[in-house]
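Notes to accompany the following structure.
The values are calculated or read from the model by the stated rules, or taken from the named source; none is laboratory data. Keep in mind it's a predicted model, so treat the numbers as computed, not measured. Methodologically, a virtual Cβ is constructed for each residue, glycine included, from the backbone with ideal geometry; neighbour enumeration extends over all protein chains shown.
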2 protein chains.
Amino acid sequence: MSLLFAPDKLDSVFAALADPTRRAILARLARGEATITELAKPLRVSQPAVSQHIKLLVGAGMVRQRVDGVRRPCRLSSEGLGAADQWLAMLRKGLEANYERLDALLSAMDATEEGTR
Amino acid sequence: MSLLFAPDKLDSVFAALADPTRRAILARLARGEATITELAKPLRVSQPAVSQHIKLLVGAGMVRQRVDGVRRPCRLSSEGLGAADQWLAMLRKGLEANYERLDALLSAMDATEEGTR
DNA sequence: CAAAGACATTAGCTTACGCTTATATAAGCG
DNA sequence: CGCTTATATAAGCGTAAGCTAATGTCTTTG
């Protein structure tokens, strides 16, 4: 059973980030625009593999491509990153709230101890 | 060919985040500790599935489990989140740098235009 | 001690992923 | 117009993901 439409965008963003080759591509693009061939050169995977990765990254909103003659220079896009950041912020908030709850619990236990002393 | 040892920790963190069921689990845990059974109840997947997801999340450093009799209450862990945050911060930095480079380029073009006017 | 409850583990299945090779398309160049 | 370069697309393959059903292992409880 697979979602036929609108597979949550977060799926594609995090899935895109889960692959080391794609992270290498993104890290390279963080240093500036690059074409498919330029990206493929240091990567030890074939050019078609890079094309496929880029297609996926574009779909996830993490990369944009423009047309320059025969080349398709790629650059980072903030869209996917923003989605990831936002969701992770929610997690972080929960994490902090859990710490607060723990503090509250410990305080309550101290209070009880005080009472039973 | 698969990495035999030390599959980059980021792989496991982002892969963990890529699955909607696991994100649902994490979102639930953001609201506080929960046992396997409690997690499974609203999820429409079987208990073994949840156990497997939790195992993976623990492996990725996103969840911690403690032992309480027969139960294994889970809570969020900051380790995995920290790793993800750190890497994404790098990306964001690159994104901003790209904007600056773009600004610089546009300025240079303006200057050239000035010169050729 | 027996029964029930919470969880882990195993096996098997289906589907998606990542890669390569082979081939197509399309722009730039002599 | 042929030739080369840059990229896309397609087919095929091996592996891993995610799930379920079945079963095992401990605790707790009556």
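Residues that are under 15 Å from the mean Cα position of the chain (by Cα), hydrophobic (A, V, I, L, M, F, W, C) and either closer than 16 Å to A:Glu38 by Cβ or near DNA strand C (Cβ under 9 Å from one of its atoms) (or both) within the stretch A:52-76 comprise A:Ile54, A:Leu56, A:Leu57, A:Val63, A:Leu76, listed in sequence order. Counting the residues of the stretch B:71-84 that are at the interface with chain A (Cβ under 9 Å from one of its Cβ atoms) and buried (at least 18 other Cβ atoms within 10 Å of the Cβ) gives 5.
Would a scan of the stretch A:6-28 turn up a residue that is at positive phi and either modelled with pLDDT of 95 or more or among the polar types (S, T, N, Q) (or both)? Working first, answer last.
If we filter the stretch A:6-28 for residues that are at positive phi, which is where we start, we get A:6.
Subsequent filtering for residues that are either modelled with pLDDT of 95 or more or among the polar types (S, T, N, Q) (or both) retains none.
There is no residue in the stretch A:6-28 that is at positive phi and either modelled with pLDDT of 95 or more or among the polar types (S, T, N, Q) (or both).
Restricting the stretch A:17-51 to residues that are of a type in the set (D, E, K, R), assigned to a helix (DSSP H, G or I) and within 20 Å of the chain's Cα centre (by Cα), which is surrounded by the most Cβ atoms within 10 Å (Cβ to Cβ)? Result: A:Arg22. Just the residues that are under 19 Å from B:Lys93 (Cβ atoms) and within 11 Å of another protein chain (Cβ to nearest Cβ), please, taken from the stretch A:35-62. Listed by number, the list holds a single entry, A:Met62. Just one of the listed residues (A:Leu88, A:Leu57) is in a helix (DSSP H, G or I), under 21 Å from B:Lys9 (Cα atoms), in contact with a strand residue (DSSP E or B) (Cβ under 9 Å, 6 or more places away or on another chain) and not acidic (Asp, Glu), and it is A:Leu57.
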